[in-house]
Amino acid sequence: MPDLFAGPGGIDVAARQLGIHLTGIERDANAVATRRSALLDTVRGDVRDFRPVDFDEDILAGGPPCQTFSIGGTGKGRASLDALLGAVKTAGAHGFVTTPEGLDDRTSLVLEPLRWILEAHNSRHPYRAIVLEQVPAVLPIWQAYAEVLEARGYSVACRVLNAEEYGVPQTRRRAALVARLDGPVALPAPTHRPYRRGIPRCDGDPALLPWVAMADVLPERGPFTVISNYGTGGDPKNRGRRDCDEPAFTVTGKISRFRLVDFDGHELPRFTHAEAGQLQGFPANYPWSGADISQQIGNACPPPLAAALLRAATA
């Protein structure tokens with residue numbers, strides 16, 4: 001399975017747990033260092049320099065860079081939404097992807113999975129299953145992808161999912177797409193209850209597990225409160241707080257800015273890289289390597305969410 005924009009290995013960890021072979025394509029040297037330390041099958045390079053014929057696989061996964069689409073990013077992707085939707089529609093009609101003129105180079109990468117899908121289909125070796133994930137702002141693009149895929153015989157489902165509903169110890173919203181060529185497909189049903197501030201996690205649907213708290217994966221920390229780096233209305237005094245018996249705030253590349261205090265307000269050491277990785281759902285001993293590790297962690301797809309998506313697409 002080629003994994004486009006594979007990062008440090010979130011989808012790979014899930015694939016390995018499920019017995020699915022995956023080859024990650026990643027150009028960032030730091031993420032590649034982590035992948036190789038984790039013994040993940042890796043090709044270093046730009047996904048635009050490869051084609052489906054280079055990988056003898058029938059499943060495609062990908063999570064294009066999100067910085068130009070995320071709320072905390074540049075906003076160029078959101079501003080180019082109409083151009084991107086037009087490019088997807090044109091690609092569906094013509095059978096190949098043409099990047100609109102003047103489109104930001106990083107933003108245009110969200111079209112790469114479609115290029116791979118159409119090239120594989122045109123060569124009569126279409127992917128049997130497809131899994132894509134990105135920030136919520138990309139959902140309209142996935143919906144446009146769905147129309148192109150359905151016209152080529154795929155069953156497709158896409159929607160914004162809440163990561164804590166799949167056992168990730170943080171609140172994180174992601175736009176997900178799953179598609180199958182050989183049968184109906186649906187997005188994975190939640191396994192855990194949604195987080196609602198002020199509502200005990202024992203409340204809710206008894207058929208679902210309680211959401212996973214920070215203390216569940218970091219028990220050695222003892223009691224603590226997290227003060228996020230996200231200001232409310234620009235006022236640092238209004239920064240969000242969550243106790244250790246709640247899920248973490250969304251883990252981003254700036255997680256090192258999260259302050260931790262005990263219940264008496266005394267400062268505690270900030271999250272280590274290992275702990276930040278655990279809040280994303282990685283194993284405690286995951287071998288983070290290279291530089292800019294906080295950014296690697298924040299960019300990764302949480303393995304529990306990836307596992308749920310892979311099961312939905314391949315079961």
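The values are calculated or read from the model by the stated rules, or taken from the named source; none is laboratory data. These numbers were taken from a predicted model, which means no experiment stands behind them. Every residue, glycine among them, receives a Cβ derived from its backbone with ideal geometry; neighbour counts consider all protein chains shown.
The residue that is nearest to Cys202 (Cα to Cα), counting only those in the stretch 243-257 that are among the hydroxyl-bearing types (Ser, Thr, Tyr) and in a loop (DSSP other than H, G, I, E, B), is Thr250. Looking at Val226, Val251, just one residue is touching a residue at least 40 places away in the same chain (Cβ under 8 Å) and of a type outside the set (Gly, Ala, Ser), and that residue is Val251. Of all residues in the stretch 175-213, those that are in a loop (DSSP other than H, G, I, E, B), within 17 Å of the chain's Cα centre (by Cα) and buried (at least 20 other Cβ atoms within 10 Å of the Cβ) total 1. Output yes when any residue across the stretch 156-174 is in contact (Cβ under 8 Å) with a residue 24 or more places away in the chain, out of contact with any Cys (no Cβ under 6 Å at 6 or more places or on another chain), within 24 Å of Arg51 (Cα to Cα) and part of a strand (DSSP E or B), and no when none is. Yes, that holds for at least one residue. Among what's in the stretch 37-84 and is charged (D, E, K, R), at pLDDT 95 or above and assigned to a loop (DSSP other than H, G, I, E, B), pick the residue that is nearest to His121 (Cα to Cα). Applying the filter and picking the extreme gives Arg51. Going through (1) at pLDDT below 95; (2) closer than 22 Å to Pro302 by Cβ one by one, Leu161 falls short only on (1).
When the stretch 109-135 is filtered for residues that are surrounded by 21 or more Cβ atoms within 10 Å (Cβ to Cβ), in a helix (DSSP H, G or I) and more than 18 Å from the chain's Cα centre (by Cα), the ones remaining, listed by number, are Trp116, Ile117, Leu118, Ala120. Every listed requirement among (1) more than 22 Å from Lys89 (Cβ to Cβ); (2) at pLDDT below 95; (3) touching a helix residue (DSSP H, G or I) at 6+ places or on another chain (Cβ under 8 Å) is met by Arg173 save one, (2). Restricting attention to the stretch 175-192, the residues that are touching an Asp or Glu at 6+ places or on another chain (Cβ under 6 Å) and without any contact (Cβ under 8 Å) to a residue 60 or more places away in the chain add up to 2. Would it be correct to say that Ala93 is hydrophobic (A, V, I, L, M, F, W, C), in a helix (DSSP H, G or I), in contact (Cβ under 8 Å) with a residue 24 or more places away in the chain and over 22 Å from Val185 (Cβ atoms)? Criteria not met by Ala93.
Quick grid of which residues meet (1) without any contact (Cβ under 8 Å) to a residue 12 or more places away in the chain; (2) buried (at least 21 other Cβ atoms within 10 Å of the Cβ); (3) over 30 Å from Leu181 (Cβ atoms):
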position	(1), (2), (3)
Phe271	no, yes, yes
Gln280	no, yes, yes
Pro283	no, no, yes
Ile297	no, yes, yes
Pro304	no, yes, no
Ala307	no, yes, no
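What do you reckon, is Arg106 basic (Lys, Arg) and either buried (at least 23 other Cβ atoms within 10 Å of the Cβ) or free of Cβ contacts under 8 Å to residues at least 60 places away in the same chain (or both)? So Arg106 passes the test.
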